[in-house]
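The values are calculated or read from the model by the stated rules, or taken from the named source; none is laboratory data. A quick note: this is a predicted structure, and the numbers were derived from the prediction, not measured. So basically every Cβ, Gly included, is an ideal-geometry build from the backbone, and we count neighbours across all protein chains shown.
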Amino acid sequence: MTQYTCLKIERHGKVGWLINNRPEQLNAMNNTMRDEFADAWLELDRDPAVRVIVHTGEGRAFQTGVDVSEIAGDGVGMERYRDSMENFDVHFTAWHQGVQKPVITAVNGLCAGGAFHWVADADVVIAASDAQFFDPHVSVGQVVAIEAIGLLRKMPFEAVMRMALMGRHERMPAQRAYELGMISEVVDPPERLRERAQELAETIARNSPAAMAASKRALWRALELGLTDACREGAKDLVSMWGHPDQTEGPAAFAAKREPVWADPVADSGSDSAPGPASDSAPGPG
Amino acid sequence: MAGPALARCAEELEPEVSEAGYRTLVVERRGPVGWLVFDRPEAGNAMDATMLAELERAWSELDRDPEVRVIVNAANGPNFQTGLDVVQLSRDPEALREQSRRTKRAELRISAWHNDVSTPVIAAVNGACAGGGLHFVADADIVIAAANATFLDPHVSVGQVSAYEAIALTRKVPFEAVMRMALAGRHERVAAARAYQLGVVSEVVDPPEQLHERAQELAETIARNSPAAMAVSKRALWRALELGLTDACREGAKDLVSLWGHPDQTEGPAAFAARREPVWTTKATVPPTATAGLDAAPSARPPEPGGPR
């Protein structure tokens with residue numbers, strides 16, 4: 001198992017926790033943290049005991065983007081960052097890593113700039129009532145692209161564009177993020193955020209891991225395709241589960257009014273079937 | 001407080017050529033903010049052939065002006081925009097022949113998006129925004145509305161098809177709301193408060209009289225950000241509506257990298273650290289690579305054969 005310095009990895013029951021752990025730097029991502037993200041997502045996704053993953057932050061910020069000061073002062077790190085961006089070969093979110101398990105992002109406090117990567121790339125997002133969302137890129141002469149692109153496919157466009165253009169001069173409160181559908185739940189008081197995330201994760205963990213993985217794959221792929229193509233590909237996902245033991249266990253348990261006993265999730269059933277960025281050979285848009 | 005939409009005296013109601021040469025629009029500058037104001041209040045600001053031609057010129061004029069950092073699109077009179085001037089269409093169809101041709105070929109030049117405007121655009125909607133008026137809501141970057149604003153799409157109530165405006169809206173807000181508006185026609189209006197809930201607009205200004213004042217304020221705030229970074233970000237975000245998620249991210253990554261080395265990228269952090277206002281390069285100095293994206297335009301055009309705009 002990897003030893004982590006910028007992240008904390010915990011397991012509570014069936015829930016794996018990935019916690020940003022650079023609170024003094026408001027959890028800004030340096031090179032070490034970026035590398036650790038790549039490992040941590042795979043470690044939790046491959047652990048058969050983990051059914052659902054929760055991602056949150058230590059301290060008063062969830063995350064505040066790239067640690068510009070460190071990356072700028074590290075020539076090799078900067079070069080790596082540039083190369084990874086030029087090729088869009090990045091590995092720090094669950095989506096980048098093709099994580100098949102449900103991922104809940106629990107936003108505590110500040111969520112700024114690059115932090116939106118983990119909002120855009122999560123399956124479920126909840127936030128503490130004191131969470132604040134803003135994107136300061138253009139206020140410091142930087143372009144915002146990938147994280148905003150992920151967001152705008154999932155919620156009203158205008159709100160994303162407004163955040164992109166307002167920069168550091170305006171913050172969106174958790175309540176508005178809830179109204180717009182960027183998050184699905186506001187936790188009040190904020191101190192209850194982790195407790196609620198664990199509860200939510202345990203609830204989701206009651207569902208069939210295999211069925212959730214196939215559903216997750218179908219829904220994320222739909223963001224790559226036109227409607228009819230997305231339905232065609234989704235139909236294949238649907239049929240792929242036919243004959244799986246969970247498909248008989250589910251109705252049987254329901255009829256017997258007992259909790260179902262699901263088959264253990266298959267670790268890494270192959271990158272072709274994983275969610276995550278489409279490969280070059282994948283069917284493109286339209 | 002009187003907004004920048006110039007208060008018109010009664011004797012001025014007849015359209016006349018303004019100093020900038022516009023008859024149906026008011027085009028003016030207020031500090032770093034360029035204003036494009038519909039100015040046919042007696043006709044609900046409906047677009048006649050003159051306005052259609054002037055819109056193309058006005059968007060281009062403001063977008064090219066290096067002093068203009070943000071554009072506000074607003075209206076004089078009680079209504080924002082009510083679409084194509086059907087009175088002219090019925091009395092003098094010849095005057096709109098050119099526009100019909102463009103509509104058929106998907107070559108409209110009405111909105112900022114049609115005209116590849118790279119400057120941030122705020123639509124400030126008052127009163128009714130109907131039918132073709134929705135172009136200016138769908139194609140703006142930011143939309144705010146007066147508390148008395150209403151949105152409706154009467155096309156099908158007068159036997160016309162709703163397409164462009166509604167299609168763009170379905171990419172930006174919940175689909176059902178757009179489809180309902182398209183099918184309810186003139187028989188139902190979406191209120192400003194509902195448009196806010198749906199994310200069509202990000203702000204409702206109450207009292208309505210403060211709409212233009214607030215738009216100016218919002219525009220001045222945005223004008224504090226790097227013009228180059230905003231132009232490239234805007235291009236990346238609009239292009240994302242053309243592509244699948246992964247392809248949009250890939251192209252967006254190129255946009256992001258394209259600004260590396262630009263003076264604003266060092267000026268921004270330096271000013272932040274020194275707690276002073278940054279001094280940006282003017283928007284004319286956006287590097288050529290920044291406009292060499294997928295389709296070399298802020299609003300990437302869809303692939304040609306299937307559906308050119």
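Tabulated results
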{"read-out": "Among residues of the range A:144-175, those that are within 9 Å of chain B (Cβ to nearest Cβ) and basic (Lys, Arg), counted", "value": "3"}
{"read-out": "Scope the range B:168-180; condition more than 20 Å from the chain's Cα centre (by Cα) and of a type in the set (A, V, I, L, M); matching residues", "value": "B:Ala177, B:Met179"}
{"read-out": "Residue count for the range B:131-160, restricted to those that are touching a Leu at 6+ places or on another chain (Cβ under 9 Å), within 14 Å of chain A (Cβ to nearest Cβ) and part of a helix (DSSP H, G or I)", "value": "3"}
{"read-out": "Yes/no for B:Ala58 being touching a Leu at 6+ places or on another chain (Cβ under 6 Å), buried (at least 22 other Cβ atoms within 10 Å of the Cβ) and in contact (Cβ under 8 Å) with a residue 24 or more places away in the chain", "value": "yes"}
{"read-out": "Qualifying residue in the range B:228-238 (condition: crowded, with 22+ Cβ neighbours inside 10 Å, of a type in the set (A, V, I, L, M, F, W, C), more than 7 Å from every other protein chain (Cβ to nearest Cβ) and over 19 Å from A:Val160 (Cβ atoms))", "value": "yes"}
{"read-out": "Residue in the range A:162-169 that is among the hydrophobic types (A, V, I, L, M, F, W, C) and outside the structural domain of A:Val90 (by TED's automatic domain parsing) present", "value": "no"}
{"read-out": "Residue ID - nearest to B:Asn225 (Cα to Cα), chosen from residues in the range B:86-128 that are in contact with a strand residue (DSSP E or B) (Cβ under 6 Å, 6 or more places away or on another chain) and more than 14 Å from chain A (Cβ to nearest Cβ)", "value": "B:Asn126"}
{"read-out": "Residue count, the range B:29-67 (criterion: assigned to a strand (DSSP E or B), farther than 21 Å from B:Asp92 by Cβ and under 16 Å from the mean Cα position of the chain (by Cα))", "value": "5"}
{"read-out": "Count of residues meeting criterion [in contact with a Lys or Arg (Cβ under 9 Å, 6 or more places away or on another chain) and facing another protein chain (nearest Cβ under 7 Å)] in the range A:176-198", "value": "0"}
{"read-out": "In the range B:185-212, the residues that are among the small types (Gly, Ala, Ser) and closer than 24 Å to A:Met155 by Cβ", "value": "B:Ala191, B:Ala192, B:Ala193, B:Ala195, B:Gly199, B:Ser202"}
{"read-out": "Qualifying residue in the range A:73-84 (condition: free of Cβ contacts under 8 Å to residues at least 12 places away in the same chain, in contact with a helix residue (DSSP H, G or I) (Cβ under 8 Å, 6 or more places away or on another chain) and either farther than 16 Å from A:Leu26 by Cβ or within 13 Å of chain B (Cβ to nearest Cβ) (or both))", "value": "yes"}
{"read-out": "Test for B:Arg224: is it within 13 Å of chain A (Cβ to nearest Cβ) and more than 19 Å from A:Phe157 (Cα to Cα)", "value": "yes"}
{"read-out": "Those strands (runs of 3 or more DSSP E) lying entirely in the range A:63-151 with at least 2 residues of a type in the set (Phe, Trp, Tyr) and closer than 16 Å to A:Arg168 by Cβ", "value": "A:132-134"}
{"read-out": "Residue in the range A:124-134 that is aromatic (Phe, Trp, Tyr), out of contact with any Gly (no Cβ under 9 Å at 6 or more places or on another chain) and within 12 Å of another protein chain (Cβ to nearest Cβ) present", "value": "no"}
{"read-out": "In the range B:141-160, the residues that are over 15 Å from the mean Cα position of the chain (by Cα) and of a type outside the set (Val, Ile, Thr)", "value": "B:Ala146, B:Ala147, B:Asn148, B:Ala149, B:Phe151, B:Leu152, B:Asp153, B:Pro154, B:His155, B:Ser157, B:Gly159, B:Gln160"}
{"read-out": "Search result, residues across the range B:62-107 that are over 18 Å from B:Gly44 (Cα atoms), charged (D, E, K, R) and crowded, with 20+ Cβ neighbours inside 10 Å", "value": "B:Asp63, B:Arg69"}
{"read-out": "Condition broken by B:Trp260, with the remaining ones in (1) at pLDDT 95 or above; (2) assigned to a loop (DSSP other than H, G, I, E, B); (3) aromatic (Phe, Trp, Tyr) satisfied", "value": "(1)"}
{"read-out": "Residues (within 17 Å of B:Ala128 (Cα to Cα) and crowded, with 21+ Cβ neighbours inside 10 Å) located in the range B:205-217", "value": "B:Val205, B:Leu211, B:His212"}
{"read-out": "Unique match (being touching a strand residue (DSSP E or B) at 6+ places or on another chain (Cβ under 8 Å) and either more than 16 Å from B:Ala229 (Cβ to Cβ) or surrounded by 23 or more Cβ atoms within 10 Å (Cβ to Cβ) (or both)) among A:Ala148, A:Ala115, A:Ala120", "value": "A:Ala115"}
{"read-out": "Verdict on A:Leu227 being over 20 Å from A:Ile53 (Cα atoms) and modelled with pLDDT under 95", "value": "yes"}
{"read-out": "Counted residues, the range A:224-237 - those being buried (at least 17 other Cβ atoms within 10 Å of the Cβ) and part of a helix (DSSP H, G or I)", "value": "6"}
{"read-out": "Some residue of the range A:242-252 being of a type in the set (A, V, I, L, M) and at pLDDT 95 or above", "value": "yes"}
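Conditions tested, residue by residue: (1) surrounded by fewer than 20 Cβ atoms within 10 Å (Cβ to Cβ); (2) facing chain A (nearest Cβ under 7 Å); (3) among the β-branched types (Val, Ile, Thr); (4) more than 12 Å from A:Ser139 (Cα to Cα).
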{"site": "B:Ala248", "(1), (2), (3), (4)": "no, yes, no, yes"}
{"site": "B:Leu256", "(1), (2), (3), (4)": "no, yes, no, yes"}
{"site": "B:Asp264", "(1), (2), (3), (4)": "no, yes, no, no"}
{"site": "B:Glu267", "(1), (2), (3), (4)": "yes, yes, no, no"}
{"site": "B:Arg275", "(1), (2), (3), (4)": "yes, no, no, yes"}
{"site": "B:Val279", "(1), (2), (3), (4)": "yes, no, yes, no"}
